[in-house]
Amino acid sequence: MPASVQQYRDQLEGRSLLVKNVQVLPIEAIVRGYITGSGWKEYKSQGSVCDIELPAGLRESQKLPSALFTPSTKAEYGDHDMNIHPDKCAEIIGKERADEMAKTAIALYTKAAEYAAGKGIIIADTKFEFGVDKEGNMILIDEVLTPDSSRFWPAATYKVGAAQNSYDKQYLRDYLTSIDFDMKTQIDLPPTVLDNTIKKYIEAYVKLTGNRPEL
């Protein structure tokens with residue numbers, strides 16, 4: 001902390017953050033370790049994910065030969081993100097920055113996936129966001145490896161060839177799909193859907209950290 005803040009350490013320690021203003025890069029840095037979701041949908045129709053050609057014969061939820069950097073545009077509020085080929089990412093933010101983003105995102109995913117595997121959780125895919133500070137350094141921003149930005153699957157029930165049980169917001173997505181939600185109208189979620197979503201998030205948190213949150 002700056003010296004001007006350190007003098008108030010006894011009041012601020014443990015209840016404050018030092019933040020930095022950055023320029024947000026307009027890319028969702030998605031890394032996929034397994035083929036599922038929109039990636040599976042594209043693969044079924046054209047044998048690729050983000051126009052990256054993949055081996056034939058992959059099955060739903062199968063582990064990919066290696067983790068893939070599959071970026072998307074970062075849409076304005078209310079619009080949909082669009083999956084793009086990594087080459088398009090380079091056109092948007094420059095090749096050097098795109099290469100740095102891909103390398104960093106894959107390294108973060110790989111480290112996290114290895115840790116989660118030891119806790120009985122498969123991280124099928126995840127999303128990172130990056131910004132650039134005044135010195136030109138690319139830094140990790142926003143949420144990291146949460147159920148909102150990742151797919152967490154219980155390893156104990158994992159089975160190739162079908163959609164998986166999950167600890168993430170896929171449960172909520174499935175409910176909205178079942179009622180043909182138009183993604184525009186404001187609705188009240190049933191208490192059971194809210195409660196079950198919260199329970200899934202808490203279960204993932206407990207498995208990954210060994211701690212139980214106070215509610």
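Rounded to a whole number, what % of the accessible area of region 169-214 do carbon and sulfur atoms account for, probe 1.4 Å?
53
Under the rule that an exposed site lies in a DSSP loop and has at most 14 other Cβ atoms within 10 Å, name the longest stretch of the chain with no GluC sites (Glu not before Pro) of that kind, not counting the sites themselves.
144-213
Loop-only trypsin sites (Lys or Arg not before Pro) in region 1-75, please: DSSP not H, G, I, E or B, and at most 14 other Cβ atoms within 10 Å.
Those that pass, being in a loop and sparsely packed, are 15, 20, 59.
Work out from phi, with θ = phi - 60° and the Karplus expression 6.51 cos²θ - 1.76 cosθ + 1.60, the ³J(HN,Hα) of each residue of region 137-149, listed in order in whole Hz, and give x for Gly and Pro.
Running phi through 6.51 cos²θ - 1.76 cosθ + 1.60 with θ = phi - 60° gives 7, 7, 10, 6, 10, 6, 5, 9, 6, 9, x, 7, 10 Hz.
Show which lysines lie in cross-link reach of residue 88 when reach means a straight Cα distance below 17 angstrom and same-chain residues fewer than eight apart are skipped.
Partners found: 74, 103.
When the chain is modelled as a GNM with alpha-carbon springs shorter than 10 Å, which of 66, 150, 16 fluctuates the most?
Comparing 66, 150, 16 in the GNM, the peak value goes to 16.
For region 22-39, take each phi angle, set θ = phi - 60°, evaluate the Karplus expression 6.51 cos²θ - 1.76 cosθ + 1.60, and give the result in whole Hz per residue in order, putting x for glycine and proline.
10, 8, 6, 6, x, 9, 8, 8, 8, 10, 10, x, 9, 9, 7, x, 5, x
Taking only Cα atoms and a 10 Å spring cutoff, compute GNM fluctuations for the chain and point out the largest among 161, 33, 131.
Looking only at 161, 33, 131, the biggest GNM fluctuation is shown by 161.
Consider the candidate values [x] 1.15; [y] 1.00; [z] 0.94; state which one is Rg/Rh (Cα atoms, Kirkwood Rh) computed from the structure displayed.
Here the calculated entry is [y].
If R0 is 30 Å, what FRET efficiency do you get for residue 15 and residue 100 from their C-beta distance, rounded to 0.05?
So the FRET efficiency works out to roughly 0.35.
Can you run phi through the Karplus equation (6.51, -1.76, 1.60; θ = phi - 60°) for region 41-57 and list ³J(HN,Hα) in whole Hz, with x for Gly and Pro?
With coefficients 6.51, -1.76 and 1.60, one gets 4, 5, 4, 4, 8, 9, x, 8, 10, 6, 6, 8, 5, 10, x, 6, x Hz.
Test of understanding: in a Gaussian network model of the chain with alpha carbons linked when under 10 Å, which of 188, 133, 142 would top the mean-square fluctuation ranking?
Judging by the Gaussian network model, the answer is 188.
Would you please give the residues with an amide H less than 5 Å from that of residue 141, counting only those at least 5 places away or on a separate chain, with H modeled from the backbone geometry?
For residue 141, whose amide H was placed from the backbone, the distant partners under 5 Å are 129, 130, 131.
If amide H atoms are built 1.01 Å from N in the plane of the peptide, which residues on other chains or at least 5 residues away come under 5 Å of the amide H of residue 121?
Residues meeting the criterion, in which the H sits 1.01 Å from N, are 155.
The values are calculated or read from the model by the stated rules, or taken from the named source; none is laboratory data. All values derive from a computational prediction rather than experimental measurement. So basically every Cβ, Gly included, is an ideal-geometry build from the backbone, and we count neighbours across all protein chains shown. The area values use the complete protein model at the heavy-atom level, side chains included, leaving out ligands, DNA and RNA. Shrake-Rupley method; radii C 1.70, N 1.55, O 1.52, S 1.80 Å.
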